[in-house]
Amino acid sequence: MEDSESQVLNIVELLLTAHIYNGNDQLNENDLPPPIRKHYWNSKERKVGRPILVSEKSVDGIFEIPNGWSLVKTLPFVSFDEFGSRIDLTVFDLGAKWFAKQDSLSRIKQNPTLAFYYSQQDSIDVSYEKARQENKPIEMDREWIHSLIDEVAGEGEEAEDMLKLVAISAPEDVRESLGKLVLTQEQVEEVEKIAKAIQYREYLKEIELFEIGKLLFVGPPGTGKTSVARALSKELGMPFLEVRLSMITSQYLGETTKNIGKVFALAKRLNPCILFIDEFDYVAKTRLADEHGAIKRAVNMLLKSIDDISLVDDGVILIGATNHPRLLDSAAWRRFDKIVDFPMPDAFMRKEIFEKILARVTGTFDTQKLADMTDQCTGSDLRLILREAVLKALFEDRTDLSQNDLEEAVSDFSKRFELKMSAYENT
Ligand SMILES: Nc1ncnc2c1ncn2[C@@H]1O[C@H](COP(=O)(O)OP(=O)(O)OP(=O)(O)O)[C@@H](O)[C@H]1O
Ligand SMILES: [Mg+2]
């Protein structure tokens, strides 16, 4: 719970922001701080319409302050309309001066609408451009993304069918982060290069270097391919679109081709974004096998769409992933300009992974020993080992772990691992 002083500042900031935004047509959604923008976002019209009106309900919706009026009623520049429970700014200048005298500088620096106004006043040293850079762009709001999806996907069943093919997350909803993953040197470099390519998109366009931004992640299950792709979306603040190739076969096939087209159209509109295509070997399989002609057509549509999309022109990073590189044919390979290897982690990486996943767990651990005991384990396996150890301790109502708990979980896991391996050998 925030103290009442900052609650009052929240409300006055909102009143001032609404007033300035309403009176200046040149300001747009990117001039509003995300909480305010999200509240007033009109998903049908896809904009924040004018005027923005402030009521007790909106104050509660944005800041979770239920009794807004009683907090500000002693200020000489506000009034209350009982019927609409609206809070109005009666004397703007007075309010603006009062606000500037409070502990509000950091708020002004992060709110482009306020910075727009105060940068024209001599008394305060703020830059509108800097505030714009500080403020998260609207493309990162899940509200913005979802209303765009509604627009591209169409209505009802038609939209549902398309959304079966693709799962979309706003970067603010992505849980994975690069800091929690242990990457190889090559992976770190590729991630940094992609970030640079986005930063220098205009330059790349100028020199006509288009062979960039299509990556294929290759490696065994559980080595972090999906996690790195998702973390990249969070890191770069770009929406994440995950295409589910296996859904291609489950749809009425005539529609699939159309839906693939829609997915790519959506990616271009979301620009910039990450388009992730898991199980890419599926593409090669359908081309090899004597598949239904319609599936082949759908897959060909997919390959053609991949050719037609680019980071430089469309702001779309394409990431494919596969566990079975040997299944890929040359048609699939040549669509990617970089192959990124996701190897089984070595002992050094396993130690680091243990350190990261144990960071919040109470107890002292010999991570080197654990790493040495877990040859042949992936990052995903190490998480499963931790899971077993934690659940076993919880069973005894313990929330602290010992080295022994983990070692036991490792040996239980090895038994399971052997079972899995022998199952593979039999198939
Ligand atoms: N290098 C790593 N560092 C930290 N955690 C890892 C690493 N590799 C895998 N993990 C963890 O293992 C889990 C599974 O990883 P992920 O789903 O990204 O693997 P994947 O390569 O996509 O597997 P699949 O091929 O089966 O789709 C995730 O929770 C992830 O955090
Ligand atoms: Mg995966």
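The values are calculated or read from the model by the stated rules, or taken from the named source; none is laboratory data. Keep in mind that this is a model prediction, so the values were computed, not measured. In this analysis, Cβ positions are derived from the backbone assuming ideal geometry, glycine residues included, and neighbour counts consider all displayed protein chains. The protein model used for the area step is the full one, side chains on, heavy atoms only, and it has no ligands, DNA or RNA in it. Shrake-Rupley method; radii C 1.70, N 1.55, O 1.52, S 1.80 Å.
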* Asked: So is F365 assigned to a loop (DSSP other than H, G, I, E, B) and surrounded by 20 or more Cβ atoms within 10 Å (Cβ to Cβ) or not?
  -> no
* Has segment 62-81 got any residue that is surrounded by fewer than 16 Cβ atoms within 10 Å (Cβ to Cβ), touching a residue at least 24 places away in the same chain (Cβ under 8 Å) and either more than 24 Å from I138 (Cα to Cα) or not β-branched (V, I, T) (or both)? -> no
* Only listed residue being farther than 15 Å from L14 by Cα and in contact with an Asp or Glu (Cβ under 6 Å, 6 or more places away or on another chain), chosen from I138, I124 -> I138
* Is it fair to say F336 is aromatic (F, W, Y) and within 20 Å of I212 (Cβ to Cβ)? -> yes
* To do: Restrict the check to segment 123-134 and report whether at least one residue is touching a residue at least 60 places away in the same chain (Cβ under 8 Å) and small (G, A, S).
  => no
* Asked: Which one of these does Y117 not meet: (1) surrounded by 19 or more Cβ atoms within 10 Å (Cβ to Cβ); (2) free of Cβ contacts under 8 Å to residues at least 60 places away in the same chain?
  -> (2)
* Scan of segment 305-326 for residues that are touching a helix residue (DSSP H, G or I) at 6+ places or on another chain (Cβ under 9 Å), open to solvent by 10 Å² or more (accessible area, probe 1.4 Å) and more than 16 Å from ligand 2 (Cβ to nearest atom), ordered by number -> S305, D308, D313, D314, R326
* To do: Tell me, please, whether a residue that is within 16 Å of ligand 2 (Cβ to nearest atom) and either modelled with pLDDT of 85 or more or surrounded by 24 or more Cβ atoms within 10 Å (Cβ to Cβ) (or both) can be found in segment 242-259.
  => yes
* Residue check for K101: among the basic types (K, R) and either surrounded by 16 or more Cβ atoms within 10 Å (Cβ to Cβ) or in contact with an Asp or Glu (Cβ under 8 Å, 6 or more places away or on another chain) (or both) -> no
* Matching entry among A231, A267 (being assigned to a helix (DSSP H, G or I), within 16 Å of ligand 2 (Cβ to nearest atom), open to solvent by less than 20 Å² (accessible area, probe 1.4 Å) and modelled with pLDDT of 90 or more) -> A231
* **Where a residue in segment 153-182 is without any contact (Cβ under 8 Å) to a residue 60 or more places away in the chain and its partner, wherever it lies, is open to solvent by less than 30 Å² (accessible area, probe 1.4 Å), with Cβ under 6 Å and at least six apart** => A159/A153; E176/A231; S177/A231; L178/A231
